[in-house]
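Q: The structure follows.
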Amino acid sequence: QVPLVESGGGLVQPGGSLRLSCAASRSIFSIYAMGWYRQAPGKQRELVAAISVLGTTNYADSVKGRFTISRDNAKNTVYLQMNSLKPEDTAVYYCNKHPVPGAYWGQGTQVTVSS
């Protein structure tokens, strides 16, 4: 089983919304906090949002009030609802363990915000 599979990205206009999903293996999901990370061209990968096993969340300042992370423990899935998207949100989005990501990274899902 592939440990992490991201989906839900696409092309959206500024101000639009997207919902990303990440299906994780049970061995990862059941005991780890999870995070959404992103990497824009020419930039380092950064943490966007994280959620603990019990649902405590934290966000990067750049997305506070616009993004919401959630998890469905029964489905081993973590979500990222992204509203009021800006061009600077354009990046490949990944999920992984938090605070220390695992060595394996999924293929990510591309989010492009452009008019």
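The values are calculated or read from the model by the stated rules, or taken from the named source; none is laboratory data. Values in this document were obtained by computation on a predicted structure and should not be read as measured data. Methodologically, a virtual Cβ is constructed for each residue, glycine included, from the backbone with ideal geometry; neighbour enumeration extends over all protein chains shown. Just so you know, the surface numbers come from the protein's heavy atoms only, side chains and all, with ligands and any DNA or RNA stripped out. Shrake-Rupley method; radii C 1.70, N 1.55, O 1.52, S 1.80 Å.
Q: Taking interchain pairs and intrachain pairs at least six residues apart, which have beta carbon atoms under 9 angstrom, with the first residue in the stretch 82-97 and in contact (Cβ under 8 Å) with a residue 60 or more places away in the chain and the second among the hydroxyl-bearing types (Ser, Thr, Tyr) and open to solvent by less than 10 Å² (accessible area, probe 1.4 Å)?
A: From the stretch 82-97, the pairs are Met82/Tyr93.
Q: Name the residues in the stretch 3-47 that are part of a strand (DSSP E or B) and more than 10 Å from the chain's Cα centre (by Cα), would you? Let's see the steps before the verdict.
A: Going through the stretch 3-47, the residues part of a strand (DSSP E or B) turn out to be 4-7, 10-12, 18-24, 33-39, 46-47.
Answer for the stretch 3-47, where residues must be part of a strand (DSSP E or B) and more than 10 Å from the chain's Cα centre (by Cα): Leu4, Val5, Gly10, Leu11, Val12, Leu18, Ala23, Ala24, Ala33, Gln39, Glu46.
Q: Could you tell me whether any residue of the stretch 71-83 is in contact with a helix residue (DSSP H, G or I) (Cβ under 9 Å, 6 or more places away or on another chain), surrounded by fewer than 18 Cβ atoms within 10 Å (Cβ to Cβ), small (Gly, Ala, Ser) and more than 15 Å from Leu4 (Cα to Cα)?
A: Among the residues of the stretch 71-83, not one is in contact with a helix residue (DSSP H, G or I) (Cβ under 9 Å, 6 or more places away or on another chain), surrounded by fewer than 18 Cβ atoms within 10 Å (Cβ to Cβ), small (Gly, Ala, Ser) and more than 15 Å from Leu4 (Cα to Cα), which makes the answer no.
Q: I've got another one for you. Can you find even one residue in the stretch 53-66 that is open to solvent by less than 30 Å² (accessible area, probe 1.4 Å), under 16 Å from Ser21 (Cα atoms) and under 15 Å from the mean Cα position of the chain (by Cα)?
A: Looking only at the stretch 53-66, we keep the residues that are open to solvent by less than 30 Å² (accessible area, probe 1.4 Å), and these are 60, 63, 66.
Adding the requirement that they be under 16 Å from Ser21 (Cα atoms) leaves none.
Within the stretch 53-66, none of the residues are open to solvent by less than 30 Å² (accessible area, probe 1.4 Å), under 16 Å from Ser21 (Cα atoms) and under 15 Å from the mean Cα position of the chain (by Cα).
Q: Which of the following residues is of a type outside the set (Ser, Thr, Tyr) and either open to solvent by 40 Å² or more (accessible area, probe 1.4 Å) or touching a helix residue (DSSP H, G or I) at 6+ places or on another chain (Cβ under 8 Å) (or both): Val12, Val5, Val92?
A: Numbers: Val12 fails: either open to solvent by 40 Å² or more (accessible area, probe 1.4 Å) or touching a helix residue (DSSP H, G or I) at 6+ places or on another chain (Cβ under 8 Å) (or both); Val92 fails: either open to solvent by 40 Å² or more (accessible area, probe 1.4 Å) or touching a helix residue (DSSP H, G or I) at 6+ places or on another chain (Cβ under 8 Å) (or both).
Of Val12, Val5, Val92, the one residue that is of a type outside the set (Ser, Thr, Tyr) and either open to solvent by 40 Å² or more (accessible area, probe 1.4 Å) or touching a helix residue (DSSP H, G or I) at 6+ places or on another chain (Cβ under 8 Å) (or both) is Val5.
Q: Next question. What's the number of the condition Arg19 fails, among (1) open to solvent by 70 Å² or more (accessible area, probe 1.4 Å); (2) modelled with pLDDT under 95; (3) under 20 Å from Leu4 (Cβ atoms)?
A: (2)
Q: Okay, next question. Can you work out which of the residues in the stretch 29-52 that are open to solvent by 20 Å² or more (accessible area, probe 1.4 Å) and touching a residue at least 60 places away in the same chain (Cβ under 8 Å) is farthest from Pro3 (Cα to Cα)? Let's see the steps before the verdict.
A: Of the residues in the stretch 29-52, the ones open to solvent by 20 Å² or more (accessible area, probe 1.4 Å) are 30-33, 39-47, 52.
Checking which are touching a residue at least 60 places away in the same chain (Cβ under 8 Å) leaves us with 32-33, 39.
Details: Tyr32: 13, Ala33: 15, Gln39: 20 Å.
Among them, the one singled out is Gln39.
Q: Something else about it: Being β-branched (Val, Ile, Thr) and either in a strand (DSSP E or B) or modelled with pLDDT under 95 (or both) is the requirement here; does Val92 meet it? Spell out the reasoning first.
A: Working: β-branched (Val, Ile, Thr): yes; either in a strand (DSSP E or B) or modelled with pLDDT under 95 (or both): yes.
For Val92, the condition - β-branched (Val, Ile, Thr) and either in a strand (DSSP E or B) or modelled with pLDDT under 95 (or both) - is met.
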